[in-house]
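Notes follow once the structure below has been shown.
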Amino acid sequence: MLYISTRGKTDMVSSAHAISNGLAADGGLFVPKEFPPISLAEIDAMREAPYSARALTVLARFLTDYSEDELKNCVETAYSKERFGDFPAPLHLLKDNLDVLELWHGPTCAFKDMALQILPLFLTKAVQKTGEQKKLVILVATSGDTGKAAMAGFADVPETEVIVFYPQEGVSDIQKLQMVTQRGANVHAVAVEGNFDDAQTGVKILFGSRPLAEELQAHGCAFSSANSINWGRLVPQIVYYFSAYADAVNSGRIENGAPVNFAVPTGNFGDILAGFYAKLMGLPVNKFICASNSNNVLTDFINTGVYNRKRPFHKTISPSMDILVSSNLERLLFEETDHNAVQVAEWMKELNEKGEYKIGTELQNKILKDFFGTWVDEVETRETIGDVYNNYGYVMDPHTAVAYKAMEKYRLMTGDETYSIVLSTASPFKFNDVVLASIDPDTYEGKALDPFVAMDDLSRLAKMPIPAGMQELSKLQKRQSDVVDKTRMEAEVKKLLGLE
């Protein structure tokens with residue numbers, strides 16, 4: 001399997017090259033030249049298989065320059081019981097025609113673990129395969145969950161250095177604590193005075209700086225990425241769509257071959273894009289519900305064909321979705337335009353220079369065949385957490401609640417009652433105060449709580465055990481987290497790498 005850039009100005013490369021470099025030299029994103037099929041018979045064979053075997057089936061199609069033994073070692077190490085418990089991505093049966101795919105049973109209690117526990121394994125083998133003698137400097141922009149998952153995944157991995165930039169006031173207390181207490185001599189958390197888009201834009205500028213790349217090279221280093229712009233981050237996410245479908249068939253919820261809908265809380269578009277890629281491979285999907293919070297740039301794009309980031313930025317109770325520039329949308333546009341790299345590059349240039357671009361009615365209608373876009377405000381999010389708890393005894397985090405409510409809106413507007421799966425992307429314990437105030441407003445509404453007191457209260461009220469990774473947070477020592485202006489990100493990188 002060879003990989004090409006969405007901007008079309010680089011040679012085709014192997015998966016090892018795409019993973020180790022993260023971003024293509026022309027500024028584009030690596031994508032597979034084609035999408036290999038997985039048959040219904042192969043999906044049926046996944047029904048009784050462990051998650052690692054399901055992952056091997058999918059990943060072997062894309063990472064063809066990795067041997068079967070190498071991939072088997074990667075999946076069995078990444079998705080072990082020690083890291084994820086009995087099953088990494090269980091399907092929770094909620095009601096007649098709707099279930100919840102729980103993707104937060106990993107070490108950091110967020111769906112990013114599904115990819116970031118295996119990416120370091122991919123990367124270390126990729127560097128060996130490409131024969132490059134270099135230290136990988138993993139740059140990460142995070143809206144809350146990716147940062148901790150990357151730090152945990154790469155902690156003390158030889159020949160790597162991880163620098164995470166997060167918005168100073170744009171993550172939850174627990175998310176910040178998870179980052180600033182992460183152990184590992186090679187991991188660093190840096191707060192940016194601004195929002196996630198400021199951090200993400202700054203990281204992209206660093207990736208695109210040729211002088212900085214040359215300086216790093218002179219010191220035996222090179223940038224790579226743990227964000228979903230890296231193909232090694234995105235490809236493991238395809239797996240859990242097939243896994244969820246196999247579990248739905250196995251539980252008798254659907255017949256093999258029946259179409260399903262997926263509702264996905266969406267910010268940077270990587271999670272939902274992985275589902276779209278699964279559909280291209282043959283997964284029977286009817287519709288993807290792209291669920292946004294008040295930062296509804298994707299909803300407007302799907303419904304109008306205009307992507308316009310020139311709008312107010314809202315800080316919400318679902319902070320991992322507080323994003324106005326969705327990087328992975330570029331990959332969707334490349335696929336939907338039949339690999340028209342020239343057009344995609346022009347749209348990305350317009351977005352960068354003018355803040356918007358328009359794709360036209362024909363392409364918009366093509367996207368609408370697969371995607372339904374809607375958004376959910378703060379009040380609806382809180383109400384949904386409370387309603388689901390009261391009706392089903394199930395506790396959702398705010399991001400999952402956005403996706404659940406979006407699915408309800410989709411069904412109301414279309415009348416489509418197709419069996420559906422809501423992706424649950426974070427443990428409710430990462431957002432204790434919001435969840436408590438939503439399920440018991442009389443006691444907790446407007447009440448300022450210590451995050452660990454809130455965690456204990458939520459555990460007692462919801463009758464849920466606190467995840468081990470959360471329990472230890474109060475005992476861990478806080479490390480210094482620098483705060484920098486967005487214009488000082490390059491200087492901070494140089495300082496942390498000892499280049500100054």
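The values are calculated or read from the model by the stated rules, or taken from the named source; none is laboratory data. Computed from a prediction, not measured in an experiment: that's the story for all the values here. Backbone-built Cβ (ideal geometry, glycine too); neighbour counts: all protein chains shown. The accessibility values were calculated without ligands, DNA or RNA, using every heavy atom of the protein model including side chains. Shrake-Rupley method; radii C 1.70, N 1.55, O 1.52, S 1.80 Å.
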Among beta bridges that DSSP assigns inside the chain, antiparallel share in %, nearest 5 = 25 percent
Stokes-Einstein diffusion coefficient of the stretch 402-458, Kirkwood radius over Cα pairs, 4 °C, 1.567 mPa s, in µm²/s = 97 µm²/s
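How about the stretch 12-90: which GluC sites (Glu not before Pro) there lie in a loop by DSSP and see at most 13 other Cβ atoms within 10 Å?
Details: sites: E34, E42, E48, E68, E70, E76, E82; in loops: E34, E48.
Answer in residue order: E34, E48.
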Here the net charge surrounding T487, from other residues whose Cβ is less than 15 Å away from its Cβ (Lys, Arg +1; Asp, Glu -1), is -2
Size of the stretch 57-166 as Cα extents on the principal axes (Å, biggest first) | 54, 36, 23
Between their Cα atoms, which of K81/K279; K129/K279; K95/K409; K135/K176 are more than 25 Å away from each other?
-> K81/K279; K129/K279; K135/K176
Range of Cα positions in the stretch 362-500 per principal axis (Å), largest first = 60, 49, 27
About the Cα centre, charge dipole magnitude for the chain (Lys/Arg +1, Asp/Glu -1 at Cβ), debye | 600 debye
Provide the per residue accessible area, probe 1.4 Å, for the stretch 2-96, rounded to a whole number of square angstrom.
-> 45 Å²
Sorted by chain and number, the residues with a modelled amide H under 5 Å from that of I289, at a separation of 5 or more or across chains, are F262, A263, V264, F372
Assigned charges on the beta-carbon of Lys, Arg, Asp, Glu; the stretch 265-400 dipole about Cα centre (debye) | 160 debye
Would you check the accessible area of T384, probe 1.4 Å, heavy atoms only, in square angstrom rounded to 10?
-> 10 Å²
With labels modelled as points extended 7 Å from the Cα through the Cβ direction, what inter-label distance (nm, one decimal) is found for L363 paired with D377?
-> 3.2 nm
The stretch 152-309, relative contact order [Cα under 8 Å, separation at least 6], % = 15 percent
Normalised Cα Rg of the stretch 450-500, dividing by 2.2 N^0.38 Å with N its residue count, works out at 1.84
Mind putting together the pair-distance distribution for the stretch 310-352? All Cα pairs, 10 Å bins, whole percent per bin, short to long.
-> 25, 41, 26, 8
Expressed in Å to one decimal, the Kirkwood Rh of the stretch 266-411 from all distinct alpha-carbon pairs is 15.9 Å
Roughly to the nearest percent, how much of the accessible area of the chain is carbon and sulfur, given a 1.4 Å probe?
-> 47 percent
Can you give the relative contact order of the stretch 65-157 as a percent, counting alpha carbon pairs under 8 Å and 6+ residues apart?
-> 24 percent
Over the stretch 137-210, with a single point scatterer placed on each C-alpha, what log10 of the ratio I(q)/I(0) does the Debye formula yield at q = 0.14, 0.20 1/Å?
-> -0.39, -0.77
Applied in sequence order to the stretch 148-156, the curve 6.51 cos²θ - 1.76 cosθ + 1.60 (Karplus, θ = phi - 60°) yields integer Hz couplings, x standing for Gly and Pro, of 4, 5, 5, 4, 5, x, 9, 3, 6
The chain - percent relative contact order, Cα under 8 Å, separation 6 or more = 18 percent
Between K495 and L93, what is the spin-label point distance in nm, taking each point 7 Å from the Cα along the Cα→C-beta axis?
-> 5.5 nm
Would you mind working out the magnitude of the charge dipole of the stretch 113-250 relative to its Cα centre, with +1 at each Lys and Arg C-beta and -1 at each Asp and Glu C-beta, to the nearest 20 Debye?
-> 400 debye
When averaged across all projection directions, what area in nm² does the alpha-carbon convex hull of the stretch 207-246 cover?
-> 3.3 nm²
Å² per residue, accessible surface of the stretch 187-338 at 1.4 Å = 27 Å²
Sites M413 and V342, calculated FRET efficiency, Cβ-Cβ separation with R0 51 Å, nearest 0.05 = 0.90
What order, most packed first, do the peptides 399-412, 147-160 have when packing is the mean number of other Cβ atoms within 10 Å of each residue?
-> 399-412, 147-160
Dividing the alpha-carbon Rg of the stretch 1-84 by 2.2 N^0.38 Å yields what?
-> 1.26
Which of these values of percent of Cα pairs over 44 Å apart was calculated from the structure shown: [x] 7; [y] 15; [z] 35?
-> [x]
Which value, in nm² and rounded to one decimal, describes the direction-averaged projected area of the C-alpha convex hull of the stretch 82-237?
-> 10.8 nm²
